[in-house]
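The values are calculated or read from the model by the stated rules, or taken from the named source; none is laboratory data. Note that the structure is a prediction, hence the values are computed from the model and not measured. Positions of Cβ are backbone-derived with ideal geometry, glycine not excepted, and every protein chain shown enters the neighbour counts. To get the accessible areas, we keep the full protein, side chains included, count just its heavy atoms, and leave off ligands, DNA and RNA. Shrake-Rupley method; radii C 1.70, N 1.55, O 1.52, S 1.80 Å.
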Amino acid sequence: MSDLLDHPAPIRPGEELDLVKLEPYLRHNFPNEAGALLVRQFPSGHSNLTYSLSLGNKELVLRRPPFGSKVKSAHDMSREFRVLSKLHAVYAPAPEVLLFCDDNSIIGAPFYVMKPIHGIILRKLVPPALAFSTEIARRLSESFVDNLIRLHRVDYAAASLSDLGKPEGYLERQVHGWTERYYGSKTHDYPEVEKIIAWMQQHMPPTSGVSLIHNDYKYDNVVLDSNNITTIVGVLDWEMCTIGDPLTDLGTTLAYWVDAGDPEELQNNRWGPTNVPGSLTRAEIVHDYTRKTGTDPSGIAFYLAFARFKLAVIVQQIYYRYHQGLTKDERFASMPAAIQMLLRASLQTAQTGRI
């Protein structure tokens with residue numbers, strides 16, 4: 001089972017850390033740890049960068065912004081650290097953070113260090129060695145939804161997180177903000193964009209409620225117990241966490257979730273094995289979530305259309321860095337095809353109302 005755990009890899013060229021400055025900083029903060037400093041990188045993810053550190057016998061994880069990013073609000077390490085420093089106590093799957101550094105002279109950017117969460121992370125395909133029966137797929141799907149509901153029920157005020165966002169006007173600000181981000185990182189002309197924006201402005205539903213939301217909840221951001229993969233032991237990547245409409249969180253999950261009957265272009269852009277036999281469908285996820293929370297599902301097409309548009313913009317922002325030569329990560333070269341796919345899917349949801 002240890003072969004199925006999420007393992008770090010050698011650091012990608014151009015994303016190395018300055019160990020000459022980092023090592024003294026770490027030893028100052030962890031003075032009782034002897035032994036060599038070893039650094040590797042978790043290879044998945046396209047935004048904030050995550051590194052595995054071994055300082056003697058102590059295991060640590062370091063998070064920093066991507067190289068070349070000019071969108072400071074999207075990579076605010078101090079905000080992410082502050083969220084996790086308060087959230088872990090009331091929502092155990094959130095990582096436990098240890099220290100924050102805003103001295104850019106150490107590695108060239110702010111960063112924070114946290115404890116690792118060991119377990120299995122599912123990517124696009126189920127590993128052949130992993131027993132993944134129809135029953136397990138079903139139970140994991142249900143556990144995945146239940147864990148999202150658990151997050152949405154966190155008393156964010158009691159956890160001193162009320163200042164994360166403003167609930168009033170949340171959907172309007174989101175549509176306006178992601179529209180601006182698209183035009184600020186535009187590299188290609190996509191005919192779907194204007195139609196989607198106009199539709200969202202005309203079909204915006206009333207806010208469904210207010211809760212703490214993750215904003216990037218998907219299979220490869222959850223860590224599963226290696227002894228029981230239907231149990232979620234960790235939720236990662238909190239950079240977009242805020243206070244807002246919980247159905248936007250559900251919509252984002254649906255945008256990542258590919259059903260077995262979806263067209264090939266969606267199948268080729270899966271973020272997890274959501275299409276395997278036994279998995280809940282998007283419609284079943286909506287039914288399960290709204291039944292357990294008492295939420296009105298009638299406007300869910302808006303939330304899915306918006307989420308697919310938002311994901312397209314996020315991918316566009318990442319591709320913009322590559323297009324401008326600010327990063328040389330070759331994984332980004334093929335992103336225009338993914339952007340086009342997400343925009344087509346968003347427009348289809350808007351025009352048909354089907355999820």
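Mind listing whichever residues of segment 326-343 are without any contact (Cβ under 8 Å) to a residue 12 or more places away in the chain and over 14 Å from ASP189 (Cα atoms)?
Within segment 326-343, the first condition is being without any contact (Cβ under 8 Å) to a residue 12 or more places away in the chain, and the residues that meet it are 330, 333-334, 337.
GLU330, ALA333, SER334, listed by residue number.
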Is there any pair with a first residue in segment 107-133 that is assigned to a strand (DSSP E or B) and a second that is modelled with pLDDT under 95 and among the small types (Gly, Ala, Ser) whose Cβ atoms are under 6 Å apart and which are 6 or more apart or on different chains, and what are they?
ILE120/SER226
Within segment 166-186, restricting to residues that are more than 30 Å from TYR322 (Cα to Cα) and in contact (Cβ under 8 Å) with a residue 60 or more places away in the chain, the one that is surrounded by the most Cβ atoms within 10 Å (Cβ to Cβ) is TYR170
Could you tell me whether any residue of segment 209-231 is modelled with pLDDT of 95 or more, under 21 Å from LEU49 (Cα atoms) and basic (Lys, Arg)?
yes
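Only one residue in ALA159, ALA89 is closer than 30 Å to ARG27 by Cα and assigned to a loop (DSSP other than H, G, I, E, B). Which one?
Going through ALA159, ALA89 in turn, the sole match is ALA89.
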Restricted to segment 162-187 and to residues being part of a helix (DSSP H, G or I) and polar (S, T, N, Q), the residue nearest to ILE243 (Cα to Cα) is SER162
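Would you confirm, using the coordinates I've provided, whether VAL193 is closer than 21 Å to GLN317 by Cβ and of a type outside the set (Lys, Arg)?
So VAL193 fits the description; yes.
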Evaluate the following for ASP155: is it among the charged types (D, E, K, R), closer than 22 Å to HIS118 by Cα and surrounded by fewer than 22 Cβ atoms within 10 Å (Cβ to Cβ)?
no
Out of the residues in segment 1-34 meeting the condition of being out of contact with any strand residue (DSSP E or B) (no Cβ under 9 Å at 6 or more places or on another chain) and part of a helix (DSSP H, G or I), tell me which one is modelled with the lowest pLDDT.
SER2
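For segment 239-254, what are the residues that are open to solvent by 10 Å² or more (accessible area, probe 1.4 Å) and of a type in the set (A, V, I, L, M, F, W, C)?
MET240
Could we say that PHE132 is more than 30 Å from TYR320 (Cα to Cα), open to solvent by 30 Å² or more (accessible area, probe 1.4 Å) and either in contact with a helix residue (DSSP H, G or I) (Cβ under 6 Å, 6 or more places away or on another chain) or hydrophobic (A, V, I, L, M, F, W, C) (or both) here?
On the way: more than 30 Å from TYR320 (Cα to Cα): yes; open to solvent by 30 Å² or more (accessible area, probe 1.4 Å): yes; either in contact with a helix residue (DSSP H, G or I) (Cβ under 6 Å, 6 or more places away or on another chain) or hydrophobic (A, V, I, L, M, F, W, C) (or both): yes.
Here the answer is yes, as PHE132 does meet what is asked.
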Of the conditions (1) under 20 Å from ASP216 (Cβ atoms); (2) part of a loop (DSSP other than H, G, I, E, B); (3) β-branched (Val, Ile, Thr), ILE149 satisfies every one except a single condition; which number is it?
(2)
Here the residues within segment 188-209 that are surrounded by 14 or more Cβ atoms within 10 Å (Cβ to Cβ) and not in a helix (DSSP H, G or I) are TYR190, HIS203, MET204, PRO205, THR207, SER208, GLY209
Does segment 255-273 hold any residues that are without any contact (Cβ under 8 Å) to a residue 60 or more places away in the chain, open to solvent by less than 50 Å² (accessible area, probe 1.4 Å) and not aliphatic (A, V, I, L, M), and which are they?
TYR256, TRP257, ASP259, ASP262, GLN267
With the requirement that a residue be open to solvent by less than 10 Å² (accessible area, probe 1.4 Å) and in contact with a strand residue (DSSP E or B) (Cβ under 6 Å, 6 or more places away or on another chain), what does segment 213-226 give you?
ILE213, VAL222, VAL223, LEU224
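Just checking, which of ILE229, ILE117 is open to solvent by 40 Å² or more (accessible area, probe 1.4 Å) and over 23 Å from LEU304 (Cα atoms)?
So the residue among ILE229, ILE117 that is open to solvent by 40 Å² or more (accessible area, probe 1.4 Å) and over 23 Å from LEU304 (Cα atoms) is ILE117.
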Can you find even one residue in segment 8-30 that is more than 25 Å from the chain's Cα centre (by Cα), open to solvent by less than 50 Å² (accessible area, probe 1.4 Å) and at positive phi?
no
State whether one or more residues within segment 221-234 are assigned to a helix (DSSP H, G or I) and over 24 Å from THR352 (Cβ atoms).
yes
